[in-house]
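The values are calculated or read from the model by the stated rules, or taken from the named source; none is laboratory data. Quick caveat: nothing in here was measured; it's all calculated off a predicted structure. Heads up, the Cβs are rebuilt from the backbone with ideal geometry, glycines too, and the neighbour counts pull from every protein chain shown. Protein only, heavy atoms only, side chains kept; ligands, DNA and RNA dropped before computing areas. Shrake-Rupley method; radii C 1.70, N 1.55, O 1.52, S 1.80 Å.
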Amino acid sequence: ASGRDRVSKAKTRRSKRFLQSRQPKLTEDQKSSMIIRGGNTSQTVSQALKDVYALKKPNAVLYKRKNMVRPFDDSTALEFFSKKSDCSLFLFGSHNKKRPNNLIFGRMFDFHVLDMFELGIERFVSLRDVKTDTCPEGTKPLLVFAGELFETDREHQRLRSLLTDFFCGPRVSAVRLAGLEHVLHFTALEGKIYMRSYKVLLKKSGCRTPRIQLQDMGPSFDFVMRRNHMASDDLYKTAHRQPRGVKPKKKKNISHDAFGTRLGRLHMQNSRSPQENKSAYVSLRTEKQN
């Protein structure tokens, strides 16, 4: 039998809709994350995985059973789980004598591991240890990255990109002030990553703009950087390539000056001689868009 005959086709409408949802799209759906327990985990790692899952819900899948997986030695199992659950991001937790309280953040491209970073937990404060109100499920966080290493060091730049991909939440075109309820702050200093989670409180200030106050919400981590696996520059560039249909089309004969004024170029016919064309410049002054 030929390869075409061996391809299984959808036999029901439900399976047809499922296969269509897995097909490539110009605008992809929101990325989902899978959170996986290793074969041996400590109480710290188990609670850390649950807390990160609480921040990621509802766009996350928590694997409660133990899985004998070693991502840096063999990523086949992770790629299988990624294809099965349709998740392009993953968090793997493990614990052993050589690398205690270990978390691995990673992401996939075409159901293959693109890059991953191994972080060791040196200090951890759980959500249940902080007796304050938490943000509603599915709240989009505001991400803040502090530290010169996030701008100069190549490994930290990739880690910042990965953490942004992992915690960014749903894509939105605009955010109102009352919608800023959650802040995730990452600080890079001397080989360590400090992650803090705050709830935004809007207090009265006596004027129209409220006074912003940050309240520690948890979870909080002090990470130490360990191993990493980064994709080559060519593969990384290929993974970030956008299809032609997504890029906005460039409008011809329109430009902007330094003050934001839009300039349009119109081609008109000469009234005296219809055979000759004359180019006229017309300044279309519009308000500068924010």
Over all pairs of different Cα atoms in region 13-240, the reciprocal of the mean inverse distance gives a Kirkwood radius in Å of 18.8
The alpha-carbon center of region 163-198 and that of region 47-89 are separated, in whole Å, by 21
Along the positive direction of the dipole of region 13-240 (beta-carbon charges: Lys, Arg +1; Asp, Glu -1; about the Cα centre), which of Val144, Phe81, Leu189 reaches farthest?
Phe81
At 7 Å along Cα-to-Cβ for each site, give me the label-to-label distance between Lys131 and His112 in nm.
5.3
Cα-based Rg and Dmax for region 101-216, in Å, come out at 16.3, 54
Segment Arg13-Thr238, extension gain: residue separation times 0.36 nm, minus the distance between their alpha carbons:
77.6 nm
20 Å cut-off, amide nitrogen to a point 7 angstrom out along Glu122 Cα→Cβ, residues in region 167-196:
185-196
Could you give the accessible area per residue of region 24-89, probe 1.4 Å, as a whole number in Å²?
57
Figure the gain on full extension for Ser42 and His229 (residue separation times 0.36 nm, minus the Cα-Cα span) and round it to one decimal in nm.
64.9 nm
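What full-extension length gain, to one decimal in nm, is calculated for Asp86 and Val172 as 0.36 nm per residue of separation minus the Cα-Cα distance?
In short, 28.8 nm is gained.
Just the number, please: carbon plus sulfur as a percent of the accessible area of region 13-240, 1.4 Å probe, no ligands or DNA/RNA counted. Let's see the in-between values first.
Values: 6510 of 13180 Å².
Of the solvent-accessible surface of region 13-240, carbon and sulfur hold 49 percent.
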Can you tell me the accessible area per residue over region 111-254, all protein chains present, probe 1.4 angstrom, in square angstrom?
63
Inter-site label distance for Ser161 and Asp74 at 7 Å from Cα along Cβ, in nm
3.0
